[in-house]
Amino acid sequence: MHYSLDRTQQHGAALIISLIILLVMSLIIVQGARSSNLELLIGNNSQHAAEALMLAEDGAVAGERFITTNYAGAPVSNYGENDDDGIFVEGQVIVDSVDWDSLDPENYSRDGTNLEFIVEYLGPSSATGGSVSVGAGVASDTRYVYRISGRGQSGRGGARVIQTIYATAE
């Protein structure tokens, strides 16, 4: 078989095939870059959500400390929305729809980060038997029950709110 080196008989098939391969490789690279960027955004969002949750948990713990420090037994409070004690009556604050900025919740600072929480007094409860969660081994059967809502906000503005139930005894 004899191949001609005459340029008039060459039709450029190698050029067309190499351009198609180059196009396919370019599409694969562009798609990989888009996928990497999306995964980076997902990772950042996950990190900020975890940060907000951590701050919300820290806020709830700060609320528990606030109760333990200021109200060893029955709370003494006027339960006003604007008073300085930071305690509200159950139902006075709807945590799902509350504007935290207008409420002036209690703030504790940790490493320069404000920990926000709202304490709601749910009332006294009579405990029968002993339970670690409501103070086993305490002489009084009366427990003072609180709902604490802790709020955390990440650096990008994402917020999380968690609630805990906390009880003290006289």
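Every number in this text was worked out from the coordinates using simple rules, so none of it is lab data. What you see is a predicted model; the values in this text were computed from it and never measured. Here the Cβ is made from the backbone with ideal geometry for all residues, glycine too, and neighbour counts use every protein chain on show.
Some values worked out for this structure:
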| quantity | calculated |
| --- | --- |
| Ranked Arg151, Arg160, criterion: other C-beta atoms within 10 Å, fewest first | Arg160, Arg151 |
| Residue exposure sequence - Asp141, Asp58, Asp99 - by fewest surrounding Cβ within 10 Å | Asp99, Asp141, Asp58 |
